[in-house]
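The values are calculated or read from the model by the stated rules, or taken from the named source; none is laboratory data. Computed from a predicted model, the values in this text were never measured in an experiment. Note that we place each Cβ from the backbone using ideal geometry, even for glycine, and neighbour counts take in every protein chain shown.
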Amino acid sequence: MQFKDYYATLGVERSASQDDIRKAYRRLARKYHPDVSKEANAEQMMKEVNEANAVLSDPEKRAAYDQMGQGFQAGQDFTPPPDWGNGFEFSGRGFAQNDMHDASDFFARMFGQGSRSHHTHQMRGEDRHAKIVIDLTAAYTGAHETVQLRVPEIEANGQVSLREQTLQIAIPRGVIEGQHLRIAGQGSPGLNGGPTGDLYLEISFRPHGKFRAEGRDIHGKLPLTPWEAALGGPIQAETPSGPIDIRIPPNSQSGRKLRLKGRGIPGEPAGDAYLELQVVLPPADSDAARDLYKKMAETLPFNPRKGNGS
């Protein structure tokens, strides 16, 4: 059996209000009613529109449809749970039980003759997904973040509205970009007393300015003076977890990478930090500085273009 997208049939969003649904139905009824329509497929289209309206205009049917159909698209294979037909006794707007011959197999399986007991079928609520942006340093230490979400909910009259929800989220030490945190019980409410779904938060890092993350590894640049690069020796380098003492190999050049094992994002195992050396020349903006550069030019027989076709 193929899943039917009733929202697409009426041309409305899943968050449409009941008033939006009524307007869409009236517009399509004027277009496809067999008594007035010149469309070749008017009769079939009118049946499709009537069926979609029968579900979406009824708050109870709409809630059940939204819960059962989560994650499906029109035309996909769809099979309701074996006990679905024994879970509901729908009434009110829509197809009458003796008029089910106008309904599709999909509608009949969802809301048809087999529905007997009243509101006993429990369904788990939909999971929700959102993104949370944190500082890179929070991956090293853990943190507490405030998340504000806009949550859709169906009101007593069946209209869909959005409400603000604020959550305090504990970010565990060692999270990486793209990881999903599961917050149990913060998804959409279940149907007929069914369990609430979960909230999944995807981790994203704010731009740091000096470092970027690749999995658990951290990459950044390490500026050096010409004499630090040439002579080597101990210096203090900045990392996302704080300054550390490292040793620069003598005769280092720009572009050389130093690997600091275990200095990446914590984990089992922890990532590494990679620092790309960047030799920075002092500006020749004074007589003394220019004299030093002239002296270097006179005393150091060095041509960086030698062997490069110069």
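Hand me the list of strands (runs of 3 or more DSSP E) wholly inside segment 208-310 holding 1 or more residues that are of a type in the set (Gly, Ala, Ser) and touching a Gly at 6+ places or on another chain (Cβ under 7 Å).
Correct list: 273-279.
Which residues, taken from segment 211-248, are in contact (Cβ under 8 Å) with a residue 40 or more places away in the chain and within 28 Å of the chain's Cα centre (by Cα)?
Phe211, Ala213, Gly215, Arg216, Asp217, Ile218, His219, Gly220, Pro240, Ser241
At least 1 residues that are among the basic types (Lys, Arg) and modelled with pLDDT of 90 or more in each: list the strands (runs of 3 or more DSSP E) lying fully within segment 83-202 that qualify.
Here the list reads 128-134, 180-183.
Scan (1) at pLDDT 70 or above; (2) among the β-branched types (Val, Ile, Thr); (3) surrounded by fewer than 20 Cβ atoms within 10 Å (Cβ to Cβ) for the single condition Thr79 breaks and write down its number.
(1)
Could you figure out which of (1) crowded, with 18+ Cβ neighbours inside 10 Å; (2) out of contact with any Pro (no Cβ under 9 Å at 6 or more places or on another chain) isn't true of Pro34?
Of (1) crowded, with 18+ Cβ neighbours inside 10 Å; (2) out of contact with any Pro (no Cβ under 9 Å at 6 or more places or on another chain), only one is false for Pro34: (1).
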